[in-house]
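Just so it is clear, none of the values below were taken in a lab; they were calculated from the coordinates. Computed from a prediction, not measured in an experiment: that's the story for all the values here. Don't worry about glycine lacking a Cβ; one is built from the backbone with ideal geometry, like all the others, and counts go over all protein chains shown.
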């Protein structure tokens with residue numbers, strides 16, 4: 001989906017308040033808050049302006065991203081260095097995991113694997129920021145749609161501190177362009193929930 005001005009504002013606040021030094025981006029994302037196209041990559045913003053160490057994962061290897069299939073367990077992918085686990089101060093999913101499925105459709109285990117990867121790549125005490133389509137918005141855009149209740153339930157299950165949670169209309173599309181956003185602190189040494197626990201969370205399919 002890429003970074004809008006809303007995304008950048010949310011990340012600016014996180015960076016200002018928590019001073020992360022390393023960033024793992026889900027997707028080689030573009031900065032769509034810029035006045036001219038083609039939109040630059042987020043990598044330049046993080047490295048040049050924020051002076052952060054930047055790494056992205058993207059199945060298409062775009063712009064130097066590490067190829068990762070988010071539908072599969074992270075450590076089953078032999079090309080990914082296991083030392084990446086628990087390494088990043090900030091992990092950002094700005095419009096990626098809604099696209100994770102199998103054979104062009106929703107798959108609960110694939111969605112779970114994407115979320116577990118997001119969690120596992122973040123350092124204990126680090127911050128995870130997610131911004132994805134709200135249930136009932138962005139029709140046919142992806143396979144997985146979030147609700148506010150999803151994050152309330154996830155926060156309780158993990159015992160994590162939620163820093164921000166809400167919804168906003170991306171690109172001023174108040175008709176069917178709403179996203180759910182959330183930032184939370186990864187609890188120290190708390191493993192991600194099981195697949196069976198994940199299945200009980202409230203989210204919607206495409």
Dividing the mean separation of Cα pairs under 8 Å (6+ apart) by the residue count of region 5-205 yields a relative contact order in percent of 18
Run the paramagnetic zone check for residue 21: 7 angstrom along Cα to Cβ, then residues of region 33-75 with backbone nitrogen under 14 Å. 51-54
Quickly estimate the mean residue ellipticity at 222 nm for the chain, helices only: each DSSP H run with n ≥ 4 gives -39500 (n - 2.57), and the total goes over all residues, rounded to 500. -6500 deg cm²/dmol
Say we join alpha carbon atoms closer than 10 Å with springs in a Gaussian network model of the chain; which of 87, 77, 29 then has the biggest fluctuation? 77
Assuming a ≥ b ≥ c are the square roots of the Cα gyration tensor eigenvalues, decide whether the chain counts as rounded (a/c under 1.5), prolate (otherwise, with a/b larger than b/c) or oblate. rounded
In whole angstrom, and with the biggest value first, how far do the Cα coordinates of region 93-192 range along each principal axis? 39, 31, 19
Build a GNM of the chain with springs between Cα atoms under 10 Å: which of 27, 177, 101 gets the top mean-square fluctuation? 177
Which whole-number percentage describes the relative contact order of region 57-124, with Cα contacts under 8 Å and a sequence gap of 6 or more? 37
